[in-house]
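Here is the structure we will look at.
The values are calculated or read from the model by the stated rules, or taken from the named source; none is laboratory data. Because the structure is a prediction, the values reported are computed rather than measured. Here the Cβ positions follow ideal geometry from the backbone for every residue, glycine too, while neighbour counts run over all protein chains shown. Calculation scope for accessible area: heavy atoms of the full protein, side chains included, ligands and nucleic acids excluded. Shrake-Rupley method; radii C 1.70, N 1.55, O 1.52, S 1.80 Å.
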Amino acid sequence: MDYESVKVECYSGYKANERPIAFSYQGHRREITEILDRWHEGGIDPSRPEISYFKVKSAQGGVFILRYLSLFDAWSIKLL
């Protein structure tokens, strides 16, 4: 399954969109209860934009990968 565009609510502390706290998927708002893992790609190499990944667990059930592409300020989701 490929990533789909998704609306994400974030906590912004020392930087914008520091970590996700909730997202809307298939018409339902899902609160994030736990960030299971997180990692980054790119950033150092100017030819590769910075991408942040968050493996999250929702209060309503399910584990998802949320991907944030800072260059376009865009979030996407993948169901695991």
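Scattering from segment 35-80 was approximated by placing one identical point on each alpha carbon and applying the Debye formula without solvent; log10 I(q)/I(0) at 0.30, 0.31 1/Å stands at -1.06, -1.09. Surface listing: Asp2, Asp73 arranged by accessible area from highest to lowest gives Asp2, Asp73, probe 1.4 Å. Taking all protein chains as they are arranged and a probe of 1.4 Å, the heavy atoms of Arg48 leave approximately 120 Å² accessible to solvent. Mean projected area of the convex hull spanned by the Cα atoms of the chain, taken over all viewing directions: 5.4 nm². The stretch between Ile51 and Glu18 holds 10.7 nm of extra length on full extension. This uses 0.36 nm per residue minus the Cα-Cα distance.
Counting charges near Glu4 (Lys, Arg +1; Asp, Glu -1) among other residues having Cβ under 15 Å from its Cβ returns a value of +3.
Amide H contacts for Cys10 (H built 1.01 Å from N in the peptide plane; partners 5 or more residues away or on another chain; cut-off under 5 Å): Ile21.
For Ser47, the accessible surface of its heavy atoms amounts to roughly 90 Å² (probe 1.4 Å, protein chains only, rounded to the nearest 10).
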